[in-house]
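Note sheet for the following structure.
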Amino acid sequence: MARMADIRVAVVGAGPAGLYAAEALIAQTDGNVQVDVLDRLPSPYGLVRYGVAPDHTSIKSIARYLQRVLEHPAVRFFGCVELGSDVTRRELLDCYDAVVYCTGAAVDRRLGVPGEDLPGSVAATDFVNWYCGHPDAAEHDFDLSVEEVAVIGVGNVAVDVVRILAKSAEELRDTDIPEHVIEALAGSRVRRVHLIGRRGPAQAKFTTKEVRELGELANAEIHVRPQDLESDPASAEAAERDRRVRGNLAALRAWTGPPAGDRPRRIDVRFWLAPVEILGTRRVEGLRLERTAPQGDGRVRGTGEFETLPVGMVVRSVGYQSVPLPGLPFDERSHVVPNEGGRIVDASGRRVPREYVAGWIKRGPTGVVGTNKSDAAETVANLLADLTADPDRPPPRRRIEDLLESRACRVVTYADWLNLDAAERDLARRLNRGERVKLGGWEAMRAACHPR
């Protein structure tokens with residue numbers, strides 16, 4: 001463990017990457033540090049709270065581990081503090097010895113096809129935020145009066161979206177989904193969901209556990225076309241070397257029989273189809289797809305064979321990407337802050353003093369929640385090595401609390417967050433809906449944080 005004079009570090013982002021960075025700072029300095037975790041939201045835990053599907057309670061339980069980090073005496077939580085508006089990058093550097101940015105990947109990638117901006121064409125990020133109760137999405141309105149929906153993408157997020165659309169509202173009542181979302185799902189008329197991949201099943205990004213969960217749905221039957229599972233040489237090689245691919249293929253083969261037709265909803269898992277146009281005049285009325293074929297190098301080519309699905313909603317789930325942070329270097333191709341082991345570098349490759357990154361803003365949207373632990377540990381080790389190599393650095397000139405108070409920022413402290421946490425648990429008891437029901441919207445969350 002590194003020992004040095006007391007240092008102050010700001011961590012921007014209270015998701016897993018940020019809290020693992022705070023944990024690493026405590027561990028690698030033997031607690032001889034003050035860590036302030038800043039977040040735009042009034043609640044911590046980031047994607048564990050607002051990205052993990054509400055029915056994945058085992059993954060969401062990671063919040064209990066991260067809670068211990070926030071409760072360490074060396075850590076303070078500053079919620080409702082936004083970088084760029086409430087505090088600038090330069091001001092953070094005046095208040096701290098170093099800053100670690102852990103802001104994740106907040107926006108979706110686009111398909112780039114005609115009709116993508118029609119009403120009814122939505123990003124998975126928006127739909128996930130809605131059913132996970134993100135305050136930015138409280139006013140979103142998704143038209144679930146349509147009978148067929150297409151979900152473009154074959155990663156875990158796409159499978160989550162399909163599963164939420166296919167489940168009954170009653171199956172989701174014991175989760176933390178906000179009450180207004182439960183009501184909307186209860187009125188859903190969706191009867192058929194198409195999960196669509198541009199390449200083959202061997203190239204799908206979902207995990208075997210995730211795809212098998214579709215088979216456990218009581219409310220929906222699943223169908224896979226046998227011809228979609230026919231193997232090309234590259235796919236056969238992938239299956240031979242990768243146990244996940246073999247597991248996925250085994251799960252998919254179990255659904256190639258004729259649908260029984262005895263359940264209210266149906267999921268069609270389709271491969272080798274690329275979206276070429278979202279059809280409609282005033283809103284989505286269909287999705288035009290082109291059949292693809294493998295080229296042998298991992299890419300696919302169009303075959304000139306087309307089909308149209310009569311869907312009234314298209315959800316694109318083809319990846320997340322980070323957005324630039326005010327004043328920091330940004331790689332527009334990879335959508336990350338350029339860095340070497342978490343040390344930020346500028347366009348010429350020179351290190352930017354005292355500023356670091358961890359999580360998806362560092363490496364892109366890869367890995368699972370736990371991947372952020374080793375990722376943050378690497379960044380923190382480099383940060384502490386840099387501070388150790390500069391023992392004569394001047395101390396911070398300001399205190400963040402003085403700066404925020406001068407701007408009349410109504411900061412949410414950890415104690416305030418516990419008020420919100422208690423309010424959500426109380427709401428669940430009153431509604432007889434499990435452990436927690438999230439409050440919907442900024443106003444309700446702020447009111448719960450600061451009860452009269």
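The values are calculated or read from the model by the stated rules, or taken from the named source; none is laboratory data. Here the structure is a predicted model, which means the values were calculated and not measured. FYI the Cβ positions are ideal-geometry reconstructions off the backbone, even for glycines, and counts take in every protein chain you see.
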> Which strands (runs of 3 or more DSSP E) does region 1-85 wholly contain that include 1 or more residues that are small (Gly, Ala, Ser)?
Replying inline: 7-12
> If you go through region 89-118 one residue at a time, how many are under 14 Å from Pro324 (Cα atoms) and either of a type in the set (A, V, I, L, M, F, W, C) or out of contact with any helix residue (DSSP H, G or I) (no Cβ under 8 Å at 6 or more places or on another chain) (or both)?
Replying inline: 5
> Only one residue in Glu71, Glu23 is of a type in the set (D, E, K, R) and in contact with a His (Cβ under 9 Å, 6 or more places away or on another chain). Which one?
Replying inline: Glu23
> Applying the selection to region 78-126, what residues are of a type in the set (Val, Ile, Thr), crowded, with 16+ Cβ neighbours inside 10 Å and over 30 Å from Ile7 (Cα atoms)?
Replying inline: Val113, Val122, Thr125
> From Thr388, Thr413, which residue is within 16 Å of Val9 (Cα to Cα) and in contact (Cβ under 8 Å) with a residue 60 or more places away in the chain?
Replying inline: Thr388
> Among the residues of region 440-449, which ones are in a loop (DSSP other than H, G, I, E, B) and modelled with pLDDT of 95 or more?
Replying inline: none
>> I need the full set of residues from region 57-77 which are touching a helix residue (DSSP H, G or I) at 6+ places or on another chain (Cβ under 8 Å) and not charged (D, E, K, R), in order please.
In response: Ile59, Ile62, Ala63, Leu66, Val69, Leu70, His72, Ala74, Val75, Phe77
>> Quick check on my filter: what residues within region 273-289 are outside any strand (DSSP E or B) and over 26 Å from the mean Cα position of the chain (by Cα)?
In response: Gly280, Thr281, Arg282, Arg283, Glu285
> Which of (1) assigned to a loop (DSSP other than H, G, I, E, B); (2) within 17 Å of Ala10 (Cα to Cα); (3) in contact with a strand residue (DSSP E or B) (Cβ under 7 Å, 6 or more places away or on another chain) is the odd one out, the single condition Arg393 does not satisfy?
Replying inline: (3)
> Restricting to region 180-203, what's the tally of residues that are in a strand (DSSP E or B) and of a type in the set (D, E, K, R)?
Replying inline: 1
> Name the pairs: first residue in region 223-242 and in the same structural domain as Asp297 (by TED's automatic domain parsing) and over 12 Å from Gly200 (Cβ atoms), second residue of a type in the set (Asp, Glu) and not in a helix (DSSP H, G or I), Cβ to Cβ under 6 Å, at least 6 apart or on different chains?
Replying inline: His223/Asp268
> How about region 429-440: which of its residues are surrounded by fewer than 17 Cβ atoms within 10 Å (Cβ to Cβ) and either in contact (Cβ under 8 Å) with a residue 60 or more places away in the chain or within 23 Å of Arg68 (Cβ to Cβ) (or both)?
Replying inline: Leu431, Glu435
>> I'd like the full set of residues that are basic (Lys, Arg) and out of contact with any Phe, Trp or Tyr (no Cβ under 8 Å at 6 or more places or on another chain), limited to region 62-99.
In response: Arg64, Arg68, Arg89, Arg90
> Given (1) within 27 Å of the chain's Cα centre (by Cα); (2) in the same structural domain as Val154 (by TED's automatic domain parsing), where does Ala358 come up short, assuming only one miss?
Replying inline: (2)
> What residue, among those in region 127-143 that are outside any loop (DSSP other than H, G, I, E, B) and more than 11 Å from the chain's Cα centre (by Cα), is surrounded by the fewest Cβ atoms within 10 Å (Cβ to Cβ)?
Replying inline: Asp136
